[in-house]
Structure formats: structure tokens, C-alpha cells
Amino acid sequence: MGPDGNGAHVPAMPGRTEKRMGPDNQGKLGGPADMASACECTPTIPLDYDISTRTCVSYVHAYGMCDVCIAAKTEGGWERGRRSMTADYSEVEWYLEYLRAHGRRETTIESAGNALRHLIDILAEGGRPTVMEAVTLDDAEWLAKQLDGIKESTKAEYIRLFSRMSIQLGCQDWGKRLDILYNRVEPDRVWISLDQYAVLHRKAEPWDRMMLVLGAFMGLRRMEICSLLDEQIDIDARKMTVFGKGHGKGLRVVMDIPEPVVEEIESFREYKNNHLKRNEEDGHLIQVPRWGTWVPIEPVTASQRIKSLGERCHIKVTPHALRRLYATTLVNVVEADLDTVRRLMRHSDISTTVRCYVAADPSKMTTAQSGLMSVYGRVLSSV
């Protein structure tokens, strides 16, 4: 590894020679005649159905299965497997080390690795180059076409990852060349009003109401709500320490706790003390009943509970809709300036705040348009 322009130590660039991997990692597998004598297949492997490419490759690596045995059972699965085994993951592994050197979370690195290996597999199975230097615009367009049918946001994220890896390797910015990232359809975001929030608040159970308050009154993200510990809350000082998004363990931010939130926290803590046994308390602020005991709430469970609450109230809502309500209320009701809102939302880029979190107030838009017309009218009358 060597230092980059920012002082971070990054791995050396991978070579540009495309590898072919076999079960012994020493080269391309031979044909039936080459492998039949060395076959170590076992009858316990369930090959009476058409297995996937990835599974086929796994069998070859794990059991040294020959072309004949696999091809006879998988109706062409071996051919798909052979193509996939020509994939070169060296650049992917280099890029993951690059992310690690720059302090990215392991969960982020794992997710990126899974996505990038999947894209490399698709290229290999299609007989396309799997090293960035050899990928052409035609290859990239073909790859993007193979992703049709999945969510647009997921497709954009895959191409974004592919593009970032390519750029770091000194190759093309495929996201820009393919015109996918910059002209994609914005996702259908969920918004709720203050009146809808009031309905949800009244109908919520104690642990759900605590999540509502932290999301709508303090703008916390779902993961921040689920991971919040009692020790991070200083009621006397009216302060809360939050570990949010960011490199490593996340950015540490100390936030003021508004009085209504203090009251909700104290009320919820009293509720927990009356219902949790001493050995069930694990330090998390929000714990929920599950299978006769109390456990910290998981992010997926939090989303499910908020969604279920919304369905009971006939309101479409998500945990992130609460965070959007926080931002929109700051702008449209409190009339805070956008930079203040950006700071409270803990965004590095104000465009994220405006594009993703602030819903324009229709009445204010009408008033603004009318005011603008009045100004133009005065200007024209003076000409």
C-alpha cells in the first residue's frame, strides 16, 4: 500500500492480466477427457435440477467435479459455470481494500463487494471483459441492459459502484457515459403532514411512539433510533449523543433535546421500568416485546412496525418519512434557513437536504408567485 493525495494508504493497483480460475486455482478447467480421470464427484450432491451458475462454480471448487458429471445433470449449467470462472475479481478486491483504507464501514464494503462481483459475473457469463481497462462503451451498455427489471434505484447504485471502481482504476466514468445516474427517475418518496403525524402519535404503542418522536422531533435516522443507548442521553443537560452516518463508526454529534422529547423519553423509561425485568434491560433505549421477553429493536422490525401503524391509521408512512417531516417543518413552519436545516439534518451537501427532504408548501409557492408577479408589474409600469 502507498499513500494517496489525502494521506490514506491505498493498495497497489492490480495487474491487467485476466485470470482463469479452476478448482485448483491454477488455470482453466479442461474438457471431459482431461477431467474424467480425476473426478471426485459424490452421489450426495443434489444435481437432479438445473442449478445456478454460482452454485455450479461452488461445486467445482468444492468437489472437483468434471465437465461430464455436471453437464449431464444441469442442462448447460456447467457451460454457464465455466464462463463465470473466467471472471477476474482482482480489481474488485483492490477497490474494496481502497474503501477500507479510506475508513469505510465493513458493512458498506461487504455490500459493495457483493454488488461488484455480481456485475463481474454478468460480464463473464456474457463473454465480456471483466477488467476495467478492456471494458468498452458497448460492454457497459450491455451490462446496464442486463439490469433491466430491477428497481431503478438499485440499478443506479450498481452502475454507480461500477463507475466509481472504474474511475479509481484510471478508467471510464461509466455512470456519466451511460447517462443513468444523472437522468434517472427520482424514487417515489413518502411524505406525511403534521396532521397525519398527530393521528399516528395518538394511535401508537409506547415503543412505536418513542420512534415517532425521535424521527419527527429530532430527525434521527432509522439506524440511529435503533442503536440509541440510554447512556447516550443526558436528561439533566438536555443533550443526546448520536453516532450517525459517516466513515468508521459514524460521525459523533451532540444534539440538544427539546422539552417535548425529554417528556416522552422520561415517560417511556418509566413504562420500561414497569414492564421489563432487570435481566432484560440491555442498555438500548427502545426495546420491544418478543417471544415473551424484551429485545432491542432491529431496523427491519422498526420499519415494519411503523408501516403497520400507518396501515391501521390509513396513512402511508416510513421511518424516513418522519425525518422528512422534521426537515419540512423546519423550513415551512419554523422558517429556518436551508443551511441551518442542513446542519440539523447533518448533511454535508445542501442539495441533499433540498432534493430529498424538503417538500415545498403549495400555499407559499402561490404566495411567492403572486409576489413575483406584483414586482414584475411594478417594473413594467415604470417603463
Problem - Cβ charges +1 (Lys, Arg) and -1 (Asp, Glu), total dipole of the stretch 102-180, debye - result: 260
Handout entry: Set LYS151/LYS307; LYS203/LYS307; LYS203/LYS272; LYS239/LYS307; LYS151/LYS316; LYS203/LYS239 screened for pairs whose C-alpha atoms are more than 23 Å apart
Key = LYS239/LYS307; LYS203/LYS239
Exercise for the section: Would you give the gap between the C-alpha center of the stretch 225-240 and the C-alpha center of the stretch 192-218, rounded to a whole Å? Expected result: 19
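D for the stretch 194-357, whole µm²/s, Stokes-Einstein with Kirkwood Rh over alpha-carbon pairs at 37 °C and 0.692 mPa s: what number? Could the numbers behind the result be given before it?
Details: Rh = 16.5 Å.
Answer, rounded: 200 µm²/s.
FYI, it's all coordinate maths here, none of it is from the lab. Because the structure is a prediction, the values reported are computed rather than measured. Every residue, glycine as well, gets a Cβ built from its backbone with ideal geometry; the counts of neighbours run over all protein chains shown.
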